[in-house]
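Derivation of every value follows stated rules applied to the coordinates shown; laboratory data play no part. On a predicted model such as this, the values are computed, not experimentally measured, just so you know. Note: ideal-geometry Cβ built from the backbone for every residue, glycine included; neighbour counts use all protein chains shown.
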Amino acid sequence: MDVEAKRIMALSISKLYSLRTQRGGLSLHRGLLLSMTMRAARDIYHTAQLLRDAEEEQVVPCVPDAAIEELMEISKDSPQTSTPKEVAMKPQEPKETLEDDKENRCASERHSRKRRCKTAVEPDFLPLKEAKMDTDEEKQHLQGEVLRTNNGNSCRQAETLTAFPTNRAIVAC
Amino acid sequence: MGAGGGGNDVQWCFSQVKGAIDDDVAEADIISTVEFNHSGELLATGDKGGRVVIFQQETENKSQPQCRSEYNVYSTFQSHEPEFDYLKSLEIEEKINKIRWLPQKNAAQFLLSTNDKTIKLWKISERDKRPEGYNLKEEDGRYRDAATITTLRVPVFRPMDLMVEASPRRVFVNGHTYHINSISVNSDNETYLSADDLRINLWHLEITDRSFNVVDIKPANMEELTEVITAAEFHPHQCNTFVYSSSKGTIRLCDMRASALCDKHSKLFEEPEDPSNRSFFSEIISSISDVKFSHNGRYMMTRDYLSVKIWDLNMENRPVETYQVHEYLRSKLCSLYENDCIFDKFECCWNGNDSVVMTGSYNNFFRMLDRSQRRDVTLEASRESCKARQVLKPRRVCAGGKRKKDEISVDSLDFNKKILHTAWHPQENIIAVATTNNLYIFQEKVN
């Protein structure tokens, strides 16, 4: 069961990865389904892993096998490399992460990359600029006036197609 | 000829096939939507290349009653072109996601076609006469020398070869951030809705520079997103009512009289999940790919990956009927996830009198589900059964165990041959079935 879970988890992550390069832009629906499946598989796998670790703890110190490590790297990579798509919203971050990508080649440094979710990374000096960018982008984008009686209640700030919960899914890895 | 009676008493026979014969399919030719107009005289298809092809039913040949009227090309035009959103560095596909016809009001025909971002209203009109004999101009358009004009003549209309013109009358832009999955014309013939993954907008057919947002399910924090809108449709008679389906297998019915913003539904249709069927892929297969009201407006039909469900609008806690489309795929979900087939969005349709429903499957199979007789049949759209008026033989899939003669085993099914789009003539037993790049037209066998 956990072998299957691991396979599905890996499959889901690679599909999420390739989703970004699809023509027509990222499909929110497909991304959501993929991330849900990945999380379900991940949960099963981790539960099985924990049970197995608990059983084996006095035998051998736990060594993560190579496949899992590769998986972790892929899953850590995807939120970073997906951020270039959020160009309009956060102009600073894509530059940072792309540079990181080039500079950090060795596995240990990749593990140490701190970015897990959007909020964790936002540098203090940026927020003002981002807020302004959000409004401008929003106005530019919505040329056609959209009339609503409930004005602006449903958060139009972050209009990013990539902002579906892969980040949260990967956090626990 | 009746209004489309029982699917199993009816024998279906091949009528026509449209599209290229060779197996090497060009991506642009892949059919992405099929729709009859309200009279059934016109049949529109949209493809991945952004083109719309409209076929017209020829007026019946009275001398040959056996020979049912055929559909021939009436008009072809490029509806959408690929675009590039520079702000987001994203390409916008020209693929036509949906076509919806407007009811006919005058000599011209109108349809709405949409890609991921932009909806267009097209006017299709005929020209079979042209004015000839201008007083001041030659036939080729050049002005005559004024000195040579000594008499007065008035131009007269003379017949010409029929010309069908398609012109874009309205372009509805910038209404959607996410990908448009549905459009639906209201019964008031003045408004229509368009739905994307998170929002539904109400438009007036005459007004292109603004729309009214009626549903918005975007969460404050996108990381909390758990479901998206997958399809939406207006009620056929009640102009205040529409439904939308979700990726979680629920359908919400909204009444625009209740409030301007319909985030709160009037009815929620949801069937509790069968715990014995739980798997990694439960979420995916419960996602609804299509929702269609019955013509009488009392029922609605939903299609998810493995089944078709008929819901009574007065009963929210479960469907009144459930039909398995291809249950033999349940044990293959992992492979279907690997090859991405599990994400295929099948559509479904009703016949004219709501007694039979139809939906597609793999291997170019499609299913006719007879509600009144509680029977179903699997038919195939293939080049092998393309002889004129050849009756389609029912097909059977062997789920396991010993394969009988004439049965096909699940592992032999061709998952690249999928029928996602089908349409049923509103009055007659004529169906249009789209394979990857061919459109098959089948008709009821006339004795």
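The B:Cys334 and A:Arg20 beta-carbon pair, evaluated with R₀ = 30 Å, returns a calculated FRET efficiency of approximately 0.80.
Close amide-amide hydrogen proximity is noted between B:Arg389 and B:Phe14, each under 5 Å apart and 5 or more residues distant or on a separate chain (H modeled in the peptide plane; Pro and chain starts excluded). Out of the DSSP beta bridges found with both residues in chain B, what percent are antiparallel (nearest 5)? Taking every DSSP beta bridge with both residues in chain B, the antiparallel ones total about 95 percent. Look at B:Arg127, B:Arg371, B:Arg169 and count the other Cβ atoms within 10 Å of each Cβ; fewest to most, that gives B:Arg127, B:Arg169, B:Arg371.
Taking beta carbons within 10 Å but only from partner chains, what does the mean come to for residues B:216-229? Write out the running numbers ahead of the final one.
On the way: counts 7, 1, 7, 3, 5, 7, 13, 11, 3, 8, 3, 3, 8, 2.
Mean partner shielding for this stretch: 6.
Taking every DSSP helix (H) stretch of at least 4 residues in chain B, weighting each as -39,500 (n - 2.57) and dividing the sum by the residue count yields a mean residue ellipticity at 222 nm of -500 deg cm²/dmol.
Counting only Cα atoms, I'd like the Rg/Rh figure for the range B:116-272, Kirkwood definition for Rh. Walk me through the numbers before you get to the answer.
Numbers: Rg = 24.9 Å, Rh = 19.3 Å.
Reported Rg/Rh (Cα atoms, Kirkwood Rh): 1.29.
The range B:46-163 gives an Rg/Rh value of 1.17, both radii derived from C-alpha positions and Rh following Kirkwood. The smallest convex shape that holds all Cα atoms of the range B:209-270, its convex hull, gives 113 Å³ per residue. Spin-label model, B:Leu87 to B:Gln390: label points 7 Å out along the Cα-to-beta-carbon direction sit 5.3 nm apart.
Starting from the Kirkwood Rh over alpha-carbon pairs, what translational D in µm² s⁻¹ does chain B have by Stokes-Einstein at 10 °C and 1.306 mPa s?
Values: Rh = 23.6 Å.
Result for D is 67 µm²/s.
FRET efficiency for the pair B:Val320 and B:Asp128, taken as 1/(1 + (r/R0)^6) with r the Cβ-Cβ distance and R0 = 51 Å, rounds to 0.55.
Solvent-free Debye calculation, one equal scatterer per alpha-carbon of the range B:301-447: log10 I(q)/I(0) at 0.19 Å⁻¹ equals -1.28. Under a 5 Å amide H cut-off, with hydrogens placed 1.01 Å from N, B:Ala231 pairs with B:Ser245 among residues at least 5 apart or on other chains.
Peptide A:32-43 is shielded by partner chain Cβ atoms: per residue, an average of 4 of them sit within 10 Å of its Cβ.
Take the Cα atoms of the range B:239-285, build their convex hull, and give its volume per residue in Å³. Numbers along the way, then the final one.
Values: hull volume 3.5 nm³, N = 47.
Normalising the Cα hull of the range B:239-285 by residue number yields 75 Å³.
Database remark: amide H of B:Phe293 closer than 5 angstrom to the amide H of B:Met301 (H placed geometrically; neighbours at sequence offset of 5 or more, or on other chains; Pro and chain starts carry no H).
How many Cβ atoms of partner chains, on average, are near each residue of B:332-342 if near means within 10 Å of its Cβ? Intermediate values should be presented prior to the final figure.
Working: counts 0, 0, 4, 0, 0, 7, 4, 0, 2, 0, 2.
Shielding by partners across B:332-342 averages 2.
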